[in-house]
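Please read the structure below before turning to the comments.
Taken together, the values in this text are just the output of simple stated rules run on the coordinates, not laboratory data. The model shown is predicted, which means the values in this text are computed figures rather than measured ones. Virtual Cβ from ideal backbone geometry, glycine too; neighbours counted across all protein chains shown.
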Amino acid sequence: MLGAGTILTRSTPLYDLVRGEVYRATPESSLEVPEGAVVVPGSRAVKKGAAAELGISLYTPVIVKYRDEKTDRGIELEDWLR
């Protein structure tokens, strides 16, 4: 499930806050989002160079949870309202 405004690209890593993993595309395969993941827009701090000194962060998609019964009910309600 992708939250509003989430952007997935081949070059952007996907951070999984639940499992502590970072997913990336490889030259042989595209970025794969784990089944049931709830992905929302996020940011990560730049830790090197002038960007770090200026406190700059970059966009990144983030997995904040995996679908559960409550998430499924919310999706059902959203579909029903459409």
What length, rounded to one decimal in nm, is gained on full extension from ARG24 through to THR12, with 0.36 nm per residue of separation minus their alpha-carbon distance?
3.6 nm
Which value in nm describes the separation of the simple spin-label points at ASP72 and GLU35, placed 7 Å from the Cα toward the beta carbon?
1.3
So, R0 is 25 Å and r is the distance between the beta-carbons of LEU2 and ALA45; what FRET efficiency does that work out to, to 0.05?
0.60
Under 5 Å between amide hydrogens, which residues at least 5 positions from ARG67 or on another chain qualify, with H placed 1.01 Å from N in the peptide plane?
ALA37, VAL38
Per the Debye formula with a single identical scatterer at each Cα and no solvent contribution, what log10 I(q)/I(0) holds for the chain at q = 0.15, 0.17, 0.18 Å⁻¹?
-0.64, -0.77, -0.84
